[in-house]
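A quick write-up on the structure given underneath.
Here, each number is a calculation from the coordinates, and none is a lab measurement. Here the structure is a predicted model, which means the values were calculated and not measured. Cβ: placed from backbone, ideal geometry, glycine included. Neighbour counts: every protein chain shown.
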Amino acid sequence: MLKVEKVSHGNFSAFAIYTTMSRKLGMGIYLYTDGRGMIDTASRTARRALTSILPELKSLEHVYITHHHEDHIGGAALLKRELGVEIFAPPQSMPLFAEEKGFELQLYRVLIWGRAEPFEAQPLPDEWEFGGMHMRTVPAFGHAFDQHVFFADEAGYLFSADLVLLPRTYHMMADEDLAAHVRSLKRVAELPIKRIFCAHRGASEPDLIFKKLDFYKEVAQRVKSLYKPGMSMGTLARKIAGRVKMADVITLWHYSRLHLMRKMVELLENEELFSELFDY
């Protein structure tokens, strides 16, 4: 059963949507709102929770989508229909939102998050206001081809979407771009961040960005020392990430340790790129 908890952060609030199990894992869905604007819209499977907070969102005018994944856009059509909000989204993925069937989803994603209803959107603005803060839209590709994060320069607040999530996890989706992800982490790490507001973990300290970069560097060094031509990704994953995990099995290896190993090996074969990303 989904539960909703409201957490105040001064000029804006977070609605945390979670189950008992996800709470124990330190994960959930966090919707950040200042009353007039909101960042992301949760999943379609969280519709009942989102509906329950509609009275508190009656003044909502704008929604800002970070990327096209179904757990971020699932409530967009509902909010547009019920509240008449204007939705801003990454231009790279806007055509996907209007399609009746949307984009391809693996079965586990349909079961966990649901398939979003189509909706109309406008391109994300470069700059906007949120909670009395001047916000800047920053490209952060890698986890998704269209992901953007939002940064409040004066406050030092980073609304990080899925840029960091768990700083140490060997799992990665098949279509993630590791090189782009590392570049995005490095670019964002140069911002004067004082607080991170994650889409699934809530408020966190800014060192999470560096922990994620350090983790990737650690894995890259281990891959470089252990990988031999002809070695299977399964063998390499066992040496570095341990035994097969439940997430590998239930996602039919779409969200798997194998993809991080494969992408690391592909980068290793490009010495110049590998050095650029991990020799620092």
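General observations
- Residue list for segment 232-260, restricted to those being under 17 Å from Y216 (Cβ atoms), in contact (Cβ under 8 Å) with a residue 60 or more places away in the chain and assigned to a helix (DSSP H, G or I): A237, I240, A241, R257, H259, L260
- Residue in segment 92-108 that is under 19 Å from F197 (Cβ atoms) and of a type outside the set (A, V, I, L, M, F, W, C) present: no
- All positions within segment 30-44 that are crowded, with 21+ Cβ neighbours inside 10 Å and touching a Gly at 6+ places or on another chain (Cβ under 9 Å): Y30, L31, Y32, T33, G37, D40, T41, A42, S43, R44
- Residue match in segment 53-73 (condition: under 21 Å from L111 (Cβ atoms), among the hydroxyl-bearing types (S, T, Y) and surrounded by fewer than 20 Cβ atoms within 10 Å (Cβ to Cβ)): no
- Scan of segment 93-103 for residues that are in a loop (DSSP other than H, G, I, E, B) and either more than 26 Å from T251 (Cα to Cα) or of a type in the set (A, V, I, L, M, F, W, C) (or both), ordered by number: F103
- Tally, over segment 243-277, of residues that are surrounded by 13 or more Cβ atoms within 10 Å (Cβ to Cβ) and within 22 Å of the chain's Cα centre (by Cα): 18
- The strands (runs of 3 or more DSSP E) falling completely within segment 104-187 that include 3 or more residues that are touching a Lys or Arg at 6+ places or on another chain (Cβ under 9 Å) and closer than 18 Å to H62 by Cα map to 127-130, 148-152.
- Any hit, segment 228-242, residues being under 28 Å from F151 (Cα atoms) and surrounded by 19 or more Cβ atoms within 10 Å (Cβ to Cβ): no
- Residues being more than 29 Å from V249 (Cβ to Cβ) and in contact with a Gly (Cβ under 9 Å, 6 or more places away or on another chain) - total across segment 63-84: 2
- Where a residue in segment 21-40 is more than 26 Å from F88 (Cβ to Cβ) and its partner, wherever it lies, is of a type outside the set (F, W, Y) and surrounded by fewer than 16 Cβ atoms within 10 Å (Cβ to Cβ), with Cβ under 8 Å and at least six apart: R23/K3
- Of the numbered criteria (1) without any contact (Cβ under 8 Å) to a residue 12 or more places away in the chain; (2) closer than 15 Å to G142 by Cβ, the one E190 fails is (2).
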